[in-house]
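Worksheet: one structure, shown below.
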Number of protein chains: 2
Amino acid sequence: MADKVTPRSEDYSRWYTDVIQRAEMADYAPVRGCMVIRPYGYALWENLQSALDKRFKATGHVNAYFPLFIPMSFLRKEQEHVEGFSPQLAIVTIGGGEQLEDPLVVRPTSETIIGHMYAQWVRSYRDLPILINLWNSVVRWEQRTRLFLRTTEFLWQEGHTAHATYEEAEEETLRMLNIYADFAQNEAAVPVIMGRKSESEKFAGALRTYSIEAMMGDKRALQSATSHNLGQNFAKAFNIQFLDRDNALKTCWTTSWGLSSRMIGAIIMVHGDDQGLILPPRLAPLQAVIVPIWKSDAERAGVMESAQALAKELDGLRIKLDDRDDVSPGFKFNDWEMRGVPLRIEIGPRDVAQGNLVLARRDVPGRPGKTTVPRAGARQRIEEMLATIQSDLYARALAFREANTREPRSYDEFKAAVEDGFARAWWCGSAACEAQVQEETKATIRNVPLDQPGGTGPCIVCNSTATEQAIFAKAY
Amino acid sequence: MADKVTPRSEDYSRWYTDVIQRAEMADYAPVRGCMVIRPYGYALWENLQSALDKRFKATGHVNAYFPLFIPMSFLRKEQEHVEGFSPQLAIVTIGGGEQLEDPLVVRPTSETIIGHMYAQWVRSYRDLPILINLWNSVVRWEQRTRLFLRTTEFLWQEGHTAHATYEEAEEETLRMLNIYADFAQNEAAVPVIMGRKSESEKFAGALRTYSIEAMMGDKRALQSATSHNLGQNFAKAFNIQFLDRDNALKTCWTTSWGLSSRMIGAIIMVHGDDQGLILPPRLAPLQAVIVPIWKSDAERAGVMESAQALAKELDGLRIKLDDRDDVSPGFKFNDWEMRGVPLRIEIGPRDVAQGNLVLARRDVPGRPGKTTVPRAGARQRIEEMLATIQSDLYARALAFREANTREPRSYDEFKAAVEDGFARAWWCGSAACEAQVQEETKATIRNVPLDQPGGTGPCIVCNSTATEQAIFAKAY
């Protein structure tokens, strides 16, 4: 555990994998492209789930469970959808020893089976809206995989709603986008840009897709969640109809939205450093670790007594007292730094004698991050410091993104910008300009931010008049 | 929703399905043998998860996630295991458009992939015990399916632990059995019998399987959870070895244990009546529903104000104020009775004027279950009543089981007993006697209870000396 990881400057991708494995977040599974989420990584996922789930429920959503298997024939009912997902499917052809007549797809996403059921559940306007969320896993066969970011199977939530009008569906789509942004910024301390995806990047079968996009530590972008206004595409394919107040039979408008275990990759890459993970206090499995320090057995007794009393005082916070006898304090320091515990609390014999504690911030390495505080009233100081770490992590990530986002005036400036960060530039909206950028720079349009300057400007590619700016970047 | 369900006396099986569908707990999925767990059923599952998860964590267990797919070759490493599960497998043969060389099994249970990973994670005695639990779904191809009780895919948790000694593994196996019993009795209000499964009924690959068994409303048994001491079978098949304190390389001892969404079936069948579900207050998605009653608009204002104030006072309990204007109070009564909400709180104009509320218990239908209580201090009365309902449900189920469990003295008495309940009888331990019972009566040995009278008695089948009693019953 005390082994150093590959420095980010040397090989960012290797650093990422090293950190995940050394911190015991996840491991490669013996199944192509799949991962095992180890207890420390899963505890982070549980905290993330809980923070998101509260937001979903507070806005009237309820959870449910839909089958893992979807008949192949269902996928074919929405043309764009089946074309988008076909290359990525895992297909069950044998069940109970027999060849299946209609093969079953392991769900890559659940719009089709949801559509089938909603068509049965919805009769009248009184049954609307339906606001259901699922916590499950999905399977998409991937050629190149990377822990948390792109795996054949991944954990996520998928929300699926049905509404009486276009306006309500669009409102829901944006409501959930805002919830994702709020979650990312206030829980994960990850600044994000909310925006609309281009036509070429939208979800297979959607009318319109929105995303939140974040800048990773290597200045590449990561799409961190998406929210889709599905229009009436799925409702028509599956006959989700309702009798409205005016006694007319109408077709529903549906949405879907998802955030996955990929978010864990974002947290790792936005905050981590060469010593390992740095986890935001609001989601960290452990918010603080108490490391007792002693040399003699006589010292040990007093220190441990004090440490245990402190652990009790901190009840309700996510705290661990590291009372291992077979490793040194220095080993413990490195170990918990690797795992990104936001705060270390050191207690030595002198601290006990003087009624003090030493607090060491994970996000501020070395001396500058250390503070000696009085033991009395320590809980309040610790809670305040955790809140400070949370907001400092966000501020640092935001400053980093801003420092690495340019507004190029020429296509040459643009090409330089996307080599090493985000470019925010006018875009005429044409697929041709979008494709040219991708071909020449490997950067893609991440999204068209909701937040626009107004007015018009020259398209960064073709110079024709553009009414919107887009974020361009190389992406995971 | 107000439609009556089929009476239990007329067709128990139909009653069960009716109740589930009318209460919107679950629905049939358009995939053979699969179900959709609807929001109301899933909310019950979430409460069940939370109550169990707390118990797991309080005993040192942590959660993790393992892949959905298991290479077919892994299953073959443990002989009994593959023989037990082979007929029930769903097999992915196509991934990303290509035929797979080593087909992937959709996990029927995760012992094999867990074994593979533990072998990599365990090096020394310091790494032990490993105490991991998974919340996921598994797939077992079933010929005859029934909502919640037996579906091709079902939700469950599977715990997997590795230990240094046989004794520790056995202790863990029994610890988890006790946790299941505690959960069933104190949360689900379902009385259970803890015991050991016979050799013929144990888990494929286990050294020993324990179960908790409950009596349903039709006097049949339902195995409600199992806990397996796997011995060294999987540890040997997957080489889970550790260097012990004495520097010797040793093989681990492992356990696994699971409780599934089947438990929801138990709750339905143990407590429900001809009016629908009756849910235990500790797990019920809604613990009480407030039904305002008025005739005129003038009455409505006062009643609604009072109902809203009450809902606020009951904050923290799981409460719903049913403020629908388009259905009658009578409709609402039937609706919430069908859904098994433990307590109904009625507020009418006279109640408001007199400072009273009417509380109506779901488990005691009609007049006898109604009490008028003063509005002041209502919260305490309501909490007490919920606690009373919880313990009364348990007591009633226990009395029912005891009234329908016989201790037959002869094989003829035995045959009559298992026609209509449980038989507790001496069993010599032979597979032949077990098989004879099953052939002649369709009853099986549910388990050999941990709680034994001591001494010996004549085997109910062959009359030879037996040292243990077993529970025999027809089972789901």
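Looking at chain B, the DSSP beta bridges with both ends there are about 80 percent antiparallel.
With its label point put 7 Å out from Cα toward Cβ, residue A:392 sits 5.8 nm from the same residue's point in the other copies, in order from shortest. Note on residue A:436 and residue A:126: the model spin-label points, each 7 Å out from Cα along the C-beta direction, lie 5.8 nm apart. Projecting 7 Å from Cα along the Cα-to-Cβ direction, the label point of residue B:368 sits 7.6 nm from its equivalents in the other copies, listed shortest first.
What percent does the relative contact order of the stretch B:198-275 come to when contacts are Cα pairs within less than 8 Å and at least six residues apart? If you can, show how the numbers build up before the last one.
Values: 116 pairs, mean separation 22.2, N = 78.
Rounded, it is 28 percent for the stretch B:198-275.
Is there a simple number for the mean count of other chain Cβ atoms within 10 Å of the Cβ of residues in A:132-140, and what is it?
Details: counts 3, 2, 2, 3, 3, 5, 1, 7, 1.
Across the residues of A:132-140, the mean count of other-chain Cβ atoms within 10 Å is 3.
Amide H to amide H distances under 5 Å link residue B:259 with B:157, where only residues 5 or more positions off or on other chains count and H is placed in the peptide plane.
Between the C-alpha center of the stretch B:194-211 and that of the stretch A:337-376 there is a gap of 51 Å.
If I require 27 Å or longer along the helix axis, counting alpha carbons, and a Kyte-Doolittle average no lower than 0.0, what helices from chain B are left? Use full DSSP H segments.
On the way: long enough: B:39-58 (28 Å, -0.65); B:166-186 (30 Å, -0.81); B:378-403 (36 Å, -0.23).
Span-like helices in chain B: none at all.
As a rough footprinting exposure proxy, the listed residues A:358, B:341 were ranked by other beta carbons within 10 Å of their own, and the order from fewest upward is A:358, B:341.
Around residue A:109, with a cut-off of 12 angstrom between Cβ atoms, what is the net charge of the other residues, counting Lys and Arg +1 and Asp and Glu -1? Can you show the working numbers first?
Numbers: positive: A:107, A:140; negative: A:78, A:111, A:158.
Here the charged neighbours net out to -1.
Defining a contact as two alpha carbons under 8 Å apart and six or more residues distant in sequence, what relative contact order in percent does the stretch B:12-271 show? Dividing the mean separation by the residue count of the stretch B:12-271 yields 20 percent. The distance between label points at residue A:402 and residue A:464 comes to 3.5 nm (points 7 Å beyond Cα on the Cα→Cβ vector).
Rounded, prolate or oblate for the stretch A:281-439? Axes are the square roots of the Cα gyration tensor eigenvalues, ordered a ≥ b ≥ c, and the cut-off for rounded is a/c under 1.5. Prolate.
Report, for the stretch B:288-389, the % of DSSP beta bridges that are antiparallel, rounded to 5. Don't skip to the end; give the middle numbers.
Details: 9 of 18 bridges.
Once the DSSP bridges in the stretch B:288-389 are tallied, antiparallel ones form about 50 percent.
When only alpha carbons are used to place a centre, the stretch A:267-304 and the stretch B:97-133 end up 30 Å from one another. In chain A, helices alone account for a calculated mean residue ellipticity at 222 nm of -11000 deg cm²/dmol, with every DSSP H run of four or more residues adding -39,500 (n - 2.57). Taking every DSSP bridge with both residues inside the protein assembly as shown, close to 85 percent are antiparallel. Amide H to amide H distances under 5 Å link residue A:100 with A:94, A:95, where only residues 5 or more positions off or on other chains count and H is placed in the peptide plane. Projected onto their three principal axes, the Cα atoms of the stretch A:221-305 cover extents of 84, 31, 17 Å, largest first.
Taking 22 Å as R0, compute the FRET efficiency from the Cβ-Cβ separation of residue A:380 and residue A:350 and round it to 0.05.
Values: r = 23 Å, r/R0 = 1.04.
Calculated transfer efficiency: 0.45.
Between copies, residue A:353 shows label-point distances of 8.0 nm, shortest first, with the point placed 7 angstrom from Cα along Cα to C-beta. Can you classify the stretch A:426-476 as rounded, prolate or oblate using the Cα gyration tensor, where a ≥ b ≥ c are the square roots of its eigenvalues, rounded means a/c under 1.5, and otherwise it's prolate if a/b beats b/c and oblate if not? Because a/c hits 1.5 or more and a/b fails to exceed b/c, the stretch A:426-476 counts as oblate. Remark: relative contact order (chain B) = 14 percent; criterion is Cα-Cα distance under 8 angstrom and separation of 6 or more residues.
If R0 is 30 Å, what FRET efficiency do you get for residue A:295 and residue A:186 from their C-beta distance, rounded to 0.05? Display every interim value, and only then the final one.
On the way: r = 43 Å, r/R0 = 1.43.
The calculated FRET efficiency here is 0.10.
For the protein assembly as shown, what value does the Rg/Rh ratio take when both radii are computed over Cα atoms and Rh is the Kirkwood radius, given to two decimals? Write out the running numbers ahead of the final one.
Working: Rg = 30.2 Å, Rh = 30.8 Å.
Ratio value, two decimals: 0.98.
From the alpha carbon centroid of the stretch B:14-59 to that of the stretch B:217-252 is 28 Å. Run the paramagnetic zone check for residue B:57: 7 angstrom along Cα to Cβ, then residues of the stretch A:266-293 with backbone nitrogen under 14 Å. Once the point is set 7 Å along Cα→Cβ of residue B:57, A:283-287 turn out to lie under 14 Å by backbone N, inside the stretch A:266-293.
Taking beta carbons within 10 Å but only from partner chains, what does the mean come to for residues B:399-407? Write out the running numbers ahead of the final one.
On the way: counts 0, 0, 0, 0, 0, 0, 0, 0, 0.
So the per-residue partner count for this stretch is 0.
From largest to smallest, the equivalent ellipsoid semi-axes obtained for the stretch A:106-160 from the alpha-carbon gyration tensor read 30, 11, 6 Å.
For a modelled paramagnetic label at residue B:49, 7 Å from Cα along Cα-to-Cβ, the residues of the stretch A:56-79 in reach, with backbone nitrogen under 16 Å, are A:56-58, A:61-68. Restricting the calculation to Cα atoms, every distinct pair contributes to the Kirkwood radius of chain B, found to be 24.5 Å. Exposure proxy for B:246, B:363: other Cβ atoms within 10 Å of each Cβ, ordered fewest to most, give B:246, B:363.
A short reminder: the numbers here are calculations on the coordinates, not readings from a lab. Given the structure is predicted, the values throughout are model-derived calculations rather than measurements. Cβ sites come from the backbone with ideal geometry, for glycine too, and all protein chains shown count toward neighbours.
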